Amino acid sequence: MTVQGISATLALVLSAALASTAGAAPRTCPKGTKTRQTNVQKGETLATVAERTKVKVADLRRWNRLASESVRKGQNLRYCAPVFTPGSVGSCNGGGLRGGVNIAPKDGRGKGFVVSPGRKTTFGTPATVRHIRQCMAQYQKAHPKAPPVNVGDLSARDGGHLGSHASHQSGRDVDLGFVTKPPQSRGVFDREATSTNLDAPREWTVVQCLLANHDTKFIFMSWTVVNTLKAFVAKRPALRRYLKFFGNGVIQGDTEHLTHLHVRFRCTKGDRMCRD
Ligand SMILES: [Zn+2]
């Protein structure tokens, strides 16, 4: 091999060695954080990547051993991100949500429920989303031909103040459209429930499932719906044990929830930042 050949080979080996260290993981992510990766998006600078990943530019350079601040589209960068357990932060009337789970399926259609396509505020704690999915699936199983239940707002992705709601801030509230005949439009609470149009047997399946869950703290609904469901339950000996829920504060009648019921779930055991 010629001298030029040797130096060319050396250059290749060196560049390969450099390339292999360029994407090396941060060797020491601080306690409470863990290594994550991201690709530089079109038009991004190191500063915008830093902003997006909520870290400092200097840290990104150090972790990725970058000689300068220039990055190229598609470049893989590693960084240290805080590790957190998902959950509810603070109260439903003044709180937030960490690691919220979106209940809305891509096409808006879930098992026994629908979400209107444009609705983005459908994030809840993992427990909240699990409880709703479970009751919606139970509803569908009990009434395969019934229209799906409209799932309305839960919380925003990170929680916090949500539109005209006083609550819905920490991933533990959900609005569920009443089951009426004829049904409400898909994903929209456009029909008030009356004593004659409420589909009591189907609505009761939803409410009974929620009542069976110890995490259910309140279910708000119009007095019309309270009275219609109470009469439905009172007439059926097998259901009479549920009558107590109409007087123990779990089912709450009001004049606001005319088109949907509003469910509030308790803090999950071990969710340390959550406040009931
Ligand atoms: Zn609500």
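Each reported figure results from applying straightforward, stated rules to the coordinates on display, with no laboratory input. Computed from a predicted model, the values in this text were never measured in an experiment. Note that each Cβ is placed from the backbone with ideal geometry, even for glycine, and that neighbours are counted across all protein chains shown.
For region 132-168, the set of residues classified as closer than 16 Å to Gly94 by Cβ, buried (at least 16 other Cβ atoms within 10 Å of the Cβ) and within 11 Å of the ligand (Cβ to nearest atom) consists of Ser155, Leu162, His165, Ser167, His168, listed by residue number.
Does His214 fit the bill of being closer than 30 Å to Val188 by Cα and in contact (Cβ under 8 Å) with a residue 60 or more places away in the chain? Even if it seems obvious, please write down each step before you answer.
On the way: closer than 30 Å to Val188 by Cα: yes; in contact (Cβ under 8 Å) with a residue 60 or more places away in the chain: no.
So His214 does not fit the description; no.
Given the structure, is Pro144 in contact (Cβ under 8 Å) with a residue 12 or more places away in the chain and part of a loop (DSSP other than H, G, I, E, B)? Criteria not met by Pro144.
When every residue of region 184-205 is checked against the conditions, none turns out to be within 16 Å of the ligand (Cβ to nearest atom) and under 26 Å from Asp276 (Cα atoms).
In this structure, does Asp190 turn out to be surrounded by fewer than 14 Cβ atoms within 10 Å (Cβ to Cβ) and either under 12 Å from Asn150 (Cβ atoms) or of a type outside the set (D, E, K, R) (or both)? So Asp190 passes the test. Taken over region 249-276, the criterion of being in a strand (DSSP E or B) and away from the ligand (no atom under 14 Å from the Cβ) is satisfied by Ile251, Gly253, Cys274. Scanning region 24-81 for residues that are surrounded by 15 or more Cβ atoms within 10 Å (Cβ to Cβ) and over 26 Å from Arg98 (Cβ atoms) yields Val40, Leu46, Arg61, Asn64, Leu66, Val71, Gln75.
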